[in-house]
Amino acid sequence: MADNRFFKKAGPFTLGQIAQNCECKLAEGVNPDTVIEDVKGVDDATTGDLTWAFIASVRDALQKSTASACITNEKFASYVPEGVAVLLSNDPHRSYGLAAQMFYPTIQAGGISEKANIDETACLGEGCRVDAGAFIGANVVLGKGCWVQANATIHEGVQMGDGCIVGSNACVSHCIAQNKVYIYPGCMIGQDGFGFAMGVLGPTKVPQLGRVLIGNDVEIGSNTTVDRGAMGDTVISDGCRIDNLCQIAHNVKMGSCCVLAAQVGIAGSTELGDFVVLGGQAGLAGHLKVATATQIAAQGGLMNNTNMGDVLIGSPAIPHMDFMRQNVILQRMVKESKKGKKNNE
């Protein structure tokens, strides 16, 4: 359950409101005026709480539940005990996430701290919150309901839409972001890319004259770095989720709804299609074309372009089934080697 020292609860809400906002429908006979006070896991939920369930591992706990309501799907609804209201969803996990957002909204009221440093030319939308120690430079534009956390820095000319969050100690420069962008603490957006010309006199710096363009509903994890473009722009499209400690180099272009796990590194000018998934510590060489729906397993090393829907593993990354076949062959070779050595003895 959420600790009220850290999470501020909204509500209560009725089941009718929850169904309307969370892509659910009420099962037959459910009273839409039933009041829900909180959201909790199936093991903790009691009277007044909403829970969710759709996997076998929680089935036993669900059958003993005393929650007031449960978000689930048609297949799992039969396990919900009598007296627990059922909200049916095609995607219970997503619907529960939307419900949790209702009860525990990310952006909290707080106003503008007197200890924040905001340039007089900056334009902040209605309902923005700026915490102590934050710096907002000249000609910055923030939309409605943004939150700039303690000691964050937003440099001159940056533009961000409505409902954006810049986490503590994050730094944003040379960036234009749309709505609902969450830049986590310690994240660095828009600094120089790794650009220089090599020669007999050593490396010569090449000015990085592009920007970082971020779409709607994007999250960029703690201590991740996104370099601005060298000439064109670095682009992160709508719906992307980037985990902590990732490196996105200059002129990388990410399609919609890409997911990058922690410690992924993408070299310059590589382009990702939509719905690309990169496992933890995956590394991508520069100037590649990664097709839509490509999946690369953890620690995969990609050196070549991919085809739509490829599932790759290993370093260098190869098709999943080829990797498995190679492992089988290697295991057989090891066994045969051990057997031959034993026979020779």
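Remarks
- From helices alone, the chain scores -4500 deg cm²/dmol at 222 nm; the rule is -39500 (n - 2.57) for each run of n ≥ 4 DSSP H residues, then divide by the residue total.
- Amide H to amide H distances under 5 Å link residue 112 with 130, where only residues 5 or more positions off or on other chains count and H is placed in the peptide plane.
- The largest accessible area among 174, 250 belongs to the first residue in 174, 250, and the rest follow in falling order (1.4 Å probe, all chains).
- Computed with a 1.4 Å probe over protein heavy atoms only, the accessible surface of the chain comes to 53 Å² per residue.
- Cα pair distances of region 57-160 binned at 5 Å [whole percent]: 3, 11, 16, 16, 8, 6, 6, 8, 10, 9, 6, 2, 0
- Taking every DSSP bridge with both residues inside region 137-271, close to 5 percent are antiparallel.
- Solvent-accessible surface of protein heavy atoms, probed at 1.4 angstrom with all chains present, puts 209, 288 in the order 209, 288, largest first.
- For residue 305, the residues whose modelled amide H falls within less than 5 Å of its own, excluding neighbours fewer than 5 places apart on the same chain, are 289.
- Exposure check, 1.4 Å probe, all protein chains in place: residue 227 carries approximately 10 Å² of accessible surface.
- Both radii are taken from the alpha-carbon atoms of region 214-273; with Rh as the Kirkwood radius, Rg/Rh is 0.92.
- Placing 253, 205 in order of accessible area, with the largest value first and a 1.4 Å probe, yields 205, 253.
- Measuring only protein heavy atoms, the 1.4 Å probe finds residue 275 accessible over about 120 Å².
- Placing unit charges on each Cβ (+1 for Lys and Arg, -1 for Asp and Glu) gives the chain a dipole about its Cα centre, and among 149, 277, 167 the Cα reaching farthest toward its positive end belongs to 277.
- Isotropic mean projected area of the C-alpha convex hull, the chain (nm²): 26.2 nm²
- Per-residue SASA entry for residue 156, accessible area with 1.4 Å probe, Å² rounded to 10: 130 Å²
- Kirkwood radius and radius of gyration were both taken over the C-alpha atoms of region 249-315, and their ratio Rg/Rh is 0.90.
- Charged neighbours of residue 256, selected by a Cβ distance under 15 Å, balance to -2 (K, R count +1; D, E count -1).
- Pairs beyond 29 Å (Cα-Cα), from 289/335; 8/180; 205/289; 40/115; 40/253: 289/335; 40/115; 40/253
The values are calculated or read from the model by the stated rules, or taken from the named source; none is laboratory data. Everything numeric here is computed off the predicted structure, so don't read it as measured data. Don't worry about glycine lacking a Cβ; one is built from the backbone with ideal geometry, like all the others, and counts go over all protein chains shown. Ligands, DNA and RNA are excluded from the accessible area calculation, which covers all protein heavy atoms including side chains. Shrake-Rupley method; radii C 1.70, N 1.55, O 1.52, S 1.80 Å.
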